[in-house]
1. Can you name every residue in segment 120-135 that is over 20 Å from GLU86 (Cβ atoms), under 16 Å from the mean Cα position of the chain (by Cα) and surrounded by fewer than 18 Cβ atoms within 10 Å (Cβ to Cβ)?
2. If SER24 meets every condition in (1) closer than 30 Å to ASP10 by Cβ; (2) of a type in the set (Ser, Thr, Tyr); (3) modelled with pLDDT of 85 or more apart from one, which number is that one?
3. Give ARG112, ARG28 a once-over and let me know the one that is closer than 30 Å to CYS3 by Cβ and either touching a Leu at 6+ places or on another chain (Cβ under 7 Å) or of a type in the set (Lys, Arg) (or both).
4. Can you find a residue in segment 66-84 that is among the acidic types (Asp, Glu), under 28 Å from ARG28 (Cα atoms), surrounded by fewer than 17 Cβ atoms within 10 Å (Cβ to Cβ) and modelled with pLDDT of 85 or more?
5. Restricting to segment 96-114, name every residue that is assigned to a helix (DSSP H, G or I) and either aliphatic (A, V, I, L, M) or surrounded by 12 or more Cβ atoms within 10 Å (Cβ to Cβ) (or both).
6. Quick check on ALA149: is it part of a helix (DSSP H, G or I), surrounded by 12 or more Cβ atoms within 10 Å (Cβ to Cβ) and modelled with pLDDT of 85 or more?
7. Check every one of the strands (runs of 3 or more DSSP E) wholly within segment 1-95 and list those with 1 or more residues that are in contact (Cβ under 8 Å) with a residue 60 or more places away in the chain and polar (S, T, N, Q).
Amino acid sequence: MRCPFCANEDTQVKDSRPTEDNTSIRRRRQCNSCGARFTTFERVQLREVTVVKAGENGEDARREPFDRTKLEHSVTLACRKRGVSEEQIDRLVSGIQRQVETAGDAEVPSARIGELVMDGLRGIDSVAYIRFASVYRDFSEARDFEEFASTVAEAAKS
């Protein structure tokens, strides 16, 4: 594993342990060159999945490999300053990744992943849910937020 500080490829594992949900291994490493310590995570990848992005204006749909880091970043942005723990985010992202990989399809539409994120965030934090929806559903006016927020509030009452 390459050191993120000095780019040396000679690093040593100092400690390994499973994460709380046993879906990955957390490894503490130390660089033999600069002495820096850093953490890596090892996860099971069941199959290669390609994400199909919707084409715009008659363009063909773009395809790219499923990227857990990208998904994690999007969820983290939606949850920023909301009191949602890293463990909750990691569980949500791991659950979505598992669903995508075990669905049996080599390709998954990006819209499906977006819906899975929204379903997960709905149960974690309503503000994070609305934040993610605003980007995912491309809200363009304040009225879009108001309408969506009112449906979230009504759903919470029932």
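1. VAL135
2. That leaves (3) as the condition not met.
3. Working: ARG112 fails: closer than 30 Å to CYS3 by Cβ.
When all the criteria are applied, what remains is ARG28.
4. First pass over segment 66-84, keeping only residues among the acidic types (Asp, Glu): 67, 72.
So of that shortlist, the ones also under 28 Å from ARG28 (Cα atoms) come out as 67, 72.
From what's left, surrounded by fewer than 17 Cβ atoms within 10 Å (Cβ to Cβ): 67.
The next check asks that each one be modelled with pLDDT of 85 or more; those that pass are 67.
Yes: one or more hits.
5. Taking segment 96-114 as the starting set, the residues that turn out to be assigned to a helix (DSSP H, G or I) are 96-102, 110-114.
ILE96, GLN97, ARG98, GLN99, VAL100, GLU101, SER110, ALA111, ARG112, ILE113, GLY114, listed by residue number.
6. Values: part of a helix (DSSP H, G or I): yes; surrounded by 12 or more Cβ atoms within 10 Å (Cβ to Cβ): yes; modelled with pLDDT of 85 or more: no.
Considered against the rule, which asks whether it is part of a helix (DSSP H, G or I), surrounded by 12 or more Cβ atoms within 10 Å (Cβ to Cβ) and modelled with pLDDT of 85 or more, ALA149 comes out as no.
7. On the way: elements: 11-18, 24-31, 37-43, 50-53, 62-65.
Here the list reads 24-31.
The values are calculated or read from the model by the stated rules, or taken from the named source; none is laboratory data. As the structure is a computational prediction, the values presented were derived from the model and not from experiment. Using ideal geometry, Cβ is built from the backbone for each residue, glycine included, and neighbour counts are taken over all protein chains shown.
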